[in-house]
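One structure below.
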Amino acid sequence: DGGITQSPKYLFRKEGQNVTLSCEQNLNHDAMYWYRQDPGQGLRLIYYSQIVNDFQKGDIAEGYSVSREKKESFPLTVTSAQKNPTAFYLCASSNREVRQPQHFGDGTRLSIL
Amino acid sequence: DQQVKQNSPSLSVQEGRISILNCDYTNSMFDYFLWYKKYPAEGPTFLISISSIKDKNEDGRFTVFLNKSAKHLSLHIVPSQPGDSAVYFCAARGTGGFKTIFGAGTRLFVKA
């Protein structure tokens with residue numbers, strides 16, 4: 001059963017701590033994305049990757065880092081430099097063809113202790 | 001600067017009636033538009049899309065209309081069902097691009 005798995009579902013971060021959100025897909029998609037959703041706002045792009053070992057900054061990359069060492073995996077690290085990390089984080093993937101929709105995971109809700 | 005705007009935060013419709021969700025965009029380079037549906041605590045799921053070379057695309061109860069001159073698109077759901085109650089996101093993508101810009105979403109309530 002193909003899909004995208006995000007873990008954990010809920011995550012708490014202490015001040016000054018880095019945390020990593022996991023995203024794994026078994027859809028054989030080349031492209032993967034990280035979005036952030038805040039109340040009353042749309043999904044804002046943090047980072048995206050079109051191919052293994054390559055990724056680009058989205059609109060709100062500051063305070064975040066990613067890696068793409070495997071096609072299936074695209075972890076997101078929320079660093080201590082991200083001053084307002086409380087949000088709902090969504091991972092997505094798609095085929096490289098432009099006119100293909102993205103498939104989303106069920107998200108990780110990050111909160112600050 | 002919001003390039004994709006959904007000006008109605010919420011919409012309430014009676015079961016069996018038509019639901020019309022609206023979306024406006026500002027970037028004339030967008031050439032592919034999508035609608036996603038999202039339930040609480042879940043990721044969005046793809047609903048329907050339309051290319052800029054078309055003005056209408058239909059899939060069952062869902063129809064998307066595109067008016068390029070007005071930079072406006074709408075999603076029609078007929079007939080509306082209680083299970084359609086969710087948040088609907090409009091999204092747009094530019095020529096040859098992978099970046100997808102999302103609107104803020106419209107919460108649809110379908111009353112039985």
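The values are calculated or read from the model by the stated rules, or taken from the named source; none is laboratory data. Since the structure is predicted, the reported quantities are computational estimates derived from the model, not experimental observations. FYI the Cβ positions are ideal-geometry reconstructions off the backbone, even for glycines, and counts take in every protein chain you see. Accessible surface areas use protein heavy atoms only, side chains included; no ligands, DNA or RNA. Shrake-Rupley method; radii C 1.70, N 1.55, O 1.52, S 1.80 Å.
For this structure, a couple of remarks:
- Under the condition of being at the interface with chain A (Cβ under 9 Å from one of its Cβ atoms) and either among the basic types (Lys, Arg) or under 20 Å from A:Gln41 (Cα atoms) (or both), the residues counted in segment B:88-112 number 11.
- Unmet criterion (only one of (1) crowded, with 17+ Cβ neighbours inside 10 Å; (2) in contact (Cβ under 8 Å) with a residue 60 or more places away in the chain; (3) not in a strand (DSSP E or B)) for B:Pro79: (1)
- Listing of strands (runs of 3 or more DSSP E) fully contained in segment B:1-76 that carry 2 or more residues being facing chain A (nearest Cβ under 10 Å) and touching a Gly at 6+ places or on another chain (Cβ under 8 Å): B:30-38
- The residue that is modelled with the lowest pLDDT, among those in segment B:82-101 that are among the small types (Gly, Ala, Ser) and open to solvent by less than 30 Å² (accessible area, probe 1.4 Å), is B:Gly97.
- Only residues that are over 11 Å from the mean Cα position of the chain (by Cα) and farther than 20 Å from B:Lys99 by Cβ were counted in segment A:72-99, giving 9.
- The one condition in (1) open to solvent by 70 Å² or more (accessible area, probe 1.4 Å); (2) farther than 25 Å from A:Phe88 by Cβ; (3) under 11 Å from the mean Cα position of the chain (by Cα) that B:Lys68 fails to fulfil: (3)
- If you go through segment A:18-37 and keep only what is closer than 13 Å to A:Arg109 by Cα and of a type in the set (A, V, I, L, M), you end up with A:Val19, A:Leu21.
- Residue ID - most open to solvent (accessible area, probe 1.4 Å), chosen from residues in segment A:85-104 that are modelled with pLDDT of 90 or more and more than 17 Å from B:Ala91 (Cα to Cα): A:Thr86
- Taking strands (runs of 3 or more DSSP E) as the structural unit, those lying wholly within segment A:25-97 and holding at least 3 residues that are at the interface with another protein chain (Cβ under 9 Å from one of its Cβ atoms) and within 19 Å of A:Ile4 (Cβ to Cβ) correspond to A:31-37, A:43-51, A:87-94.
- Selection of segment A:98-113 for residues being among the polar types (S, T, N, Q) and more than 8 Å from chain B (Cβ to nearest Cβ) yields A:Gln100, A:Thr108, A:Ser111.
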